[in-house]
Amino acid sequence: MITIRNEQPTDGPAIEELLDTAFELGRHSRPSYRLREGVAKRDDLCFVAEDGARLVGVVRFWPILAGGRPALLLGPIAVHPDHTGHGTGSRLVRAGLEAAKAAGYGIVVAVGIIDYLGRFGFRRASLLGFRFPGPVDDARFLVRELIPGALDGVSGAIEAAQPATRHPGRRAG
């Protein structure tokens, strides 16, 4: 039985192992990681999936700016290969998006597969005038409005969170 709960600090090693399994060691060179460097994730919006006592999935959210407005970067989303295809990732994403909306965020940005994230309301960000700060496949650069009207009149650069939310030396995961 899979349970979803908020990520806890003690989950760190198991999450790192899961992310290495899901994305391999080169994951830190991906463009979305540049937006996370030195920025604290929103712990209250990060969730894990457990099968008994084994951590088998994770979703995380990071503060960013989208067109100068506070927003969130979704990711990584990872489910252990032994547990894919059973809705665990979808449950994690839904839990995170619901928590993000409850926290007052109106915009979520992601770099992912539209066939997967489209079912949660994500659409191509460049069509709305957003620009990612590095090389990224335009078809994978996505945005979702959590609060109706949050994207009205908003476009421009996706940027790392302001220095007030940075924590030097903290490793992004």
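So, of the residues in region 102-123 that are of a type outside the set (F, W, Y) and crowded, with 16+ Cβ neighbours inside 10 Å, which turns out to be farthest from A161 (Cα to Cα)?
That would be L117.
Which one is surrounded by the most Cβ atoms within 10 Å (Cβ to Cβ), of the residues in region 1-38 that are modelled with pLDDT of 90 or more and of a type in the set (G, A, S)?
Among those that are modelled with pLDDT of 90 or more and of a type in the set (G, A, S), it is A14.
Tell me, which strands (runs of 3 or more DSSP E) lie completely within region 101-160 with 1 or more residues that are of a type outside the set (G, A, S) and touching a Ser or Thr at 6+ places or on another chain (Cβ under 8 Å)?
Hits in region 101-160: 107-111, 141-145.
Please find, within region 109-135, the residue that is farthest from L73 (Cα to Cα) out of those that are of a type in the set (D, E, K, R) and free of Cβ contacts under 8 Å to residues at least 24 places away in the same chain.
Among those that are of a type in the set (D, E, K, R) and free of Cβ contacts under 8 Å to residues at least 24 places away in the same chain, it is D115.
Out of everything in region 47-81 that is aliphatic (A, V, I, L, M) and in contact with a His (Cβ under 9 Å, 6 or more places away or on another chain), what residue ends up being nearest to R91 (Cα to Cα)?
A49
Run down D82, D137 and say which single residue is of a type outside the set (G, A, S), at pLDDT below 95, under 17 Å from Y33 (Cα atoms) and loosely packed, with under 14 Cβ neighbours inside 10 Å.
Unique residue meeting the criteria: D137.
Does E17 meet the test of being among the charged types (D, E, K, R) and either in contact with a Gly (Cβ under 6 Å, 6 or more places away or on another chain) or within 17 Å of T88 (Cβ to Cβ) (or both)?
yes
Go through (1) more than 17 Å from I64 (Cα to Cα); (2) modelled with pLDDT under 95 and name the single condition A102 misses.
(2)
In region 79-96, what residues are in contact with a helix residue (DSSP H, G or I) (Cβ under 8 Å, 6 or more places away or on another chain) and in a loop (DSSP other than H, G, I, E, B)?
Scanning region 79-96 gives a single hit, H80.
When both residues are 6+ apart or on different chains and their Cβ atoms are under 6 Å apart, which pairs have a first residue that lies in region 85-108 and is farther than 21 Å from R54 by Cβ, and a second that is part of a helix (DSSP H, G or I) and modelled with pLDDT of 95 or more?
As it stands, the answer is A99/L45; A100/L45, since those pairs meet every condition given.
The values are calculated or read from the model by the stated rules, or taken from the named source; none is laboratory data. Quick caveat, the model's predicted, so the values are computed rather than measured. Positions of Cβ are backbone-derived with ideal geometry, glycine not excepted, and every protein chain shown enters the neighbour counts.
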